[in-house]
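Inspection log for the structure reproduced underneath, given as structure tokens.
The values are calculated or read from the model by the stated rules, or taken from the named source; none is laboratory data. Please read all numbers here as calculations on a predicted model, not as lab measurements. Every residue, glycine among them, receives a Cβ derived from its backbone with ideal geometry; neighbour counts consider all protein chains shown. Surface areas here come from the heavy atoms of the whole protein model, side chains and all, with no ligands, DNA or RNA. Shrake-Rupley method; radii C 1.70, N 1.55, O 1.52, S 1.80 Å.
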Amino acid sequence: MTEPAIQLSQFDRSLDPLQDLLHEVSSAGFTGVEFFQRLPGSDPDLILQSLEQTGLETAGVHVWPGWFEHDTEERFELCTRIGCTRLIGSHFDEWTLADEDSVVEFAAELESVADFVGEHGFEFHYHNKGRAGRTLENGQLALERLLEELDNDIGFQLDAAHAIEIGADPIELLERHAERIDTIHFRDAVPSVDHAVAMGQGDVDLEGVYAAAARADVEWVVYEGNPRLDTLHSALEWARGDRFTRASEPTLDE
């Protein structure tokens, strides 16, 4: 069953302590959270206590190259303590994907990271960014070629907004690579602008993406909109699919 989660990185880092935010998103109705920059350095006992009190599950923890440069063993231990099984790689060197050789080289880099985190008991998933949108000489998107090249044990966190930013169809990507996808990032975007847009105001077919995720039995739909544009309660309605259910219900006049 597809469950609603929220990416915590979008909240202002001045919101302190992090455990208060966990209680806030739980009260709104989310059942899962995804951690990013704010997790390293947080008090693990307080985070664990808040997760236990709220019943929130850890949908994943985002990692980046610098994540592995300092206190790596302590960070692995923290992830284990908060019930994380899925490390999601983002902000790697996608801008190098210019040709076939660079795609193969980047895939090998990701597989090396996956082997390393696997030795510590974690799954590794790749999160697509807009930089993976270059078209190779054969007309294929670098992202598609990368997913072909990656070992089947590496998961894929589909970011619907980044997909349309590179001219890809997130629904087709989800359907074609469903066996890799446990989580999706759910936000809206307009490729021609460089600022955030409210959910439902951009070019992503949010209802179509959500329906495809539900059909594929994706575990987590992770809201990654803008909390300054959407309240936590409206964010939950998007991540849980309530907006689409309500829109399809007949009105009293029908």
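Quick one: Asp188 ticks every box in (1) open to solvent by 50 Å² or more (accessible area, probe 1.4 Å); (2) among the acidic types (Asp, Glu); (3) not in a helix (DSSP H, G or I) except a single one, so which number is it?
So the condition that Asp188 fails would be (1).
Could you go through segment 219-235 and let me know if any residue there is open to solvent by 40 Å² or more (accessible area, probe 1.4 Å) and modelled with pLDDT of 95 or more.
The answer is yes; a qualifying residue exists.
Quick grid of which residues meet (1) among the charged types (D, E, K, R); (2) under 26 Å from Trp220 (Cα atoms); (3) touching a residue at least 24 places away in the same chain (Cβ under 8 Å):
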{"residue": "Pro65", "(1), (2), (3)": "no, yes, yes"}
{"residue": "Glu94", "(1), (2), (3)": "yes, yes, yes"}
{"residue": "Glu100", "(1), (2), (3)": "yes, no, yes"}
{"residue": "Asp115", "(1), (2), (3)": "yes, yes, no"}
{"residue": "Leu136", "(1), (2), (3)": "no, no, yes"}
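Being open to solvent by 40 Å² or more (accessible area, probe 1.4 Å) and of a type in the set (A, V, I, L, M, F, W, C) is the filter here; which residues of segment 104-138 pass it?
Val104, Ala108, Phe116
Listed residues Val193, Val204; which is open to solvent by 20 Å² or more (accessible area, probe 1.4 Å), more than 25 Å from Glu77 (Cα to Cα) and β-branched (Val, Ile, Thr)?
So the residue among Val193, Val204 that is open to solvent by 20 Å² or more (accessible area, probe 1.4 Å), more than 25 Å from Glu77 (Cα to Cα) and β-branched (Val, Ile, Thr) is Val193.
With the structure loaded, tell me whether Val25 is crowded, with 19+ Cβ neighbours inside 10 Å, β-branched (Val, Ile, Thr) and assigned to a helix (DSSP H, G or I) or whether it fails that test.
Here the answer is yes, as Val25 does meet what is asked.
In segment 146-161, which residues are farther than 17 Å from Gly118 by Cα and open to solvent by 10 Å² or more (accessible area, probe 1.4 Å)?
Listed by number, the residues that qualify are Glu148, Glu149.
Phe186: in contact with a strand residue (DSSP E or B) (Cβ under 9 Å, 6 or more places away or on another chain) and over 19 Å from Trp67 (Cα atoms), yes or no?
Spelling it out, Phe186 is indeed in contact with a strand residue (DSSP E or B) (Cβ under 9 Å, 6 or more places away or on another chain) and over 19 Å from Trp67 (Cα atoms).
Looking at the structure I just gave you, is Ile6 in contact with a strand residue (DSSP E or B) (Cβ under 7 Å, 6 or more places away or on another chain), open to solvent by less than 10 Å² (accessible area, probe 1.4 Å) and either among the β-branched types (Val, Ile, Thr) or at pLDDT below 95 (or both)?
It is true that Ile6 is in contact with a strand residue (DSSP E or B) (Cβ under 7 Å, 6 or more places away or on another chain), open to solvent by less than 10 Å² (accessible area, probe 1.4 Å) and either among the β-branched types (Val, Ile, Thr) or at pLDDT below 95 (or both).
Taking segment 30-83, which residues are part of a loop (DSSP other than H, G, I, E, B) and either among the small types (Gly, Ala, Ser) or open to solvent by 50 Å² or more (accessible area, probe 1.4 Å) (or both)?
If the condition is that a residue be part of a loop (DSSP other than H, G, I, E, B) and either among the small types (Gly, Ala, Ser) or open to solvent by 50 Å² or more (accessible area, probe 1.4 Å) (or both), then Gln37, Gly41, Ser42, Asp43, Gly55, Trp64, Glu69, His70, Asp71, Gly83 are the ones that fit.
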